[in-house]
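Here the structure comes first, spelled out in structure tokens, and everything after it is commentary.
The values are calculated or read from the model by the stated rules, or taken from the named source; none is laboratory data. Note that the structure is a prediction, hence the values are computed from the model and not measured. When we count neighbours, we look across all protein chains shown, and the Cβ atoms used for this are built from the backbone with ideal geometry, even at glycine.
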Amino acid sequence: MARIGGNQHLVRKTNLKLIIETIKRKGTISRAELAKELILSAPSVSSNIDQLLKMDLLREVGEGDSGGGRKPILLEFNKEYGYVIGIDLSSENCRTALGDLLGNIIAMEQFSLPEDKDGEKIIEKIIYTIQEIFASYPETKNKLKAITVGTPGVIDPEANTVRLSPQFRGWDHLPVKQILSEHFQVPVLLKNDINLAALGEAHYGVGKKSRNLAYISVDMGVGAGIILKGKLFEGSNLAAGEIGYMVPDVDMLDEEFDGYGPLEARTSVPALLKQVKKLVAGGEVSIINQWVDDPDKITLKIIKQALDNQDALAEKAVTAIARYLAVATANLQAVLDLDLIIIGGEIRVLENHLLDLVNKQAGKIMPTKPAIIYSVLNSKAGIYGAFAIGLDYVFKHLLD
């Protein structure tokens, strides 16, 4: 008897989840349309709907059209039943966002990394920005269901900490998940920041129609998030996509890299800025000399302006990193046979000056040619990916 009861409970739970997913997808729907869509009996649908209405997971939102007779009552998913928070630490300007259960951004706060990039100070800033959001939206605080943190580095799944994260001081093995979970009393999910950006584009952005894609971030560091057959591919050690450690030139095998990988040392935003500053300080002729009196004041935007003016020095530096990126994208394509490669991160400031070069150079050596384009979600890609992970967790446990 217990076995039959257990099966009935499982069937009911499965039906409840199907109803929730269908209503989320449809937006609004009547009981009769739902029964037809799911091939369930009208009494079964009504019983499940009543339970979900009592749980406040669904709302009745007025009447639908009728071909005659009584107008049907329309149902919608209650997106305000709970909320998730996503945190993106992929760039100097970090973001903390509050989202509803349909993945809409309700509020977003930005904060700058501390100058010394100290891990404990970063945690303090995360907590502060979450508290700032709750101060503006106090009704959401007690409805928070999960927090997802996107961080540079490789995640240690056993210890729930970050390892191999040269960007932040003292971040390795800092119990980020434990600290935030204890502070806010909700589940905290820890994911690689680039993987979240890939998920963001796959779920909400330019990759929605793609089954196999890679998102390459060129920012403080260089990394890739890989989606294969619609699923995030993380590898045996959750280190898939650490393309910053690719070796694009055999001569690099004899070099030493302090925490960063060979590709990262040549193509990250800090690497480009370092190279341009070195060339300017070395006396090479450039329009940049007219704009800044100190090479340390050079920014990506200044390099972009120089490119717009066909500055030879800027073109030389950007062509160099474009060639390395072309090697990386061609290598990914040769191994994974992707239909889409997305480039994101702060490097997007360079616009087509970089993208056209990467497409041109990579196209010469790729066995098959995917589209290589910029991210459409831009700086929000990681946030939307964090929402995707958080919402997946919430809906898996919604009826527990």
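Looking at K117, is it modelled with pLDDT of 90 or more, out of contact with any Asp or Glu (no Cβ under 8 Å at 6 or more places or on another chain), among the basic types (K, R) and not assigned by TED's automatic domain parsing to the domain that holds G225? Taking the combined requirement at face value, the residue does not satisfy it. Considering only the stretch 210-220, I want to know if a residue exists there that is surrounded by 17 or more Cβ atoms within 10 Å (Cβ to Cβ), of a type in the set (S, T, N, Q), touching a helix residue (DSSP H, G or I) at 6+ places or on another chain (Cβ under 7 Å) and part of a helix (DSSP H, G or I). Within the stretch 210-220, not a single residue is surrounded by 17 or more Cβ atoms within 10 Å (Cβ to Cβ), of a type in the set (S, T, N, Q), touching a helix residue (DSSP H, G or I) at 6+ places or on another chain (Cβ under 7 Å) and part of a helix (DSSP H, G or I). Within the option set A214, A224, A271, being assigned by TED's automatic domain parsing to the domain that holds L354, without any contact (Cβ under 8 Å) to a residue 60 or more places away in the chain and aliphatic (A, V, I, L, M) holds for one residue only, A271.
Checked against (1) more than 13 Å from the chain's Cα centre (by Cα); (2) within 23 Å of I347 (Cα to Cα); (3) not assigned by TED's automatic domain parsing to the domain that holds I341, K191 passes all but condition (1).
Taken over the stretch 29-45, residues that are surrounded by 15 or more Cβ atoms within 10 Å (Cβ to Cβ) and touching a residue at least 12 places away in the same chain (Cβ under 8 Å) amount to 10. Within the stretch 224-246, the set of residues being surrounded by 15 or more Cβ atoms within 10 Å (Cβ to Cβ) and touching a helix residue (DSSP H, G or I) at 6+ places or on another chain (Cβ under 8 Å) comprises A224, G225, I226, I227, L228, L232, E234, G241, I243, G244, Y245, M246.
Selection of the stretch 281-294 for residues being touching a helix residue (DSSP H, G or I) at 6+ places or on another chain (Cβ under 7 Å), surrounded by fewer than 17 Cβ atoms within 10 Å (Cβ to Cβ) and not in a loop (DSSP other than H, G, I, E, B) yields A281, N289, W291. Checking every residue in the stretch 64-78 against the condition of being basic (K, R), closer than 29 Å to S46 by Cβ and not in a strand (DSSP E or B) gives at least one match. Tell me, yes or no, whether the stretch 353-373 has at least one residue that is in contact with a strand residue (DSSP E or B) (Cβ under 9 Å, 6 or more places away or on another chain) and of a type in the set (D, E, K, R). Checked the stretch 353-373: no residue is in contact with a strand residue (DSSP E or B) (Cβ under 9 Å, 6 or more places away or on another chain) and of a type in the set (D, E, K, R). For I194, the requirement of being crowded, with 17+ Cβ neighbours inside 10 Å, modelled with pLDDT of 85 or more and assigned to a strand (DSSP E or B) is not met.
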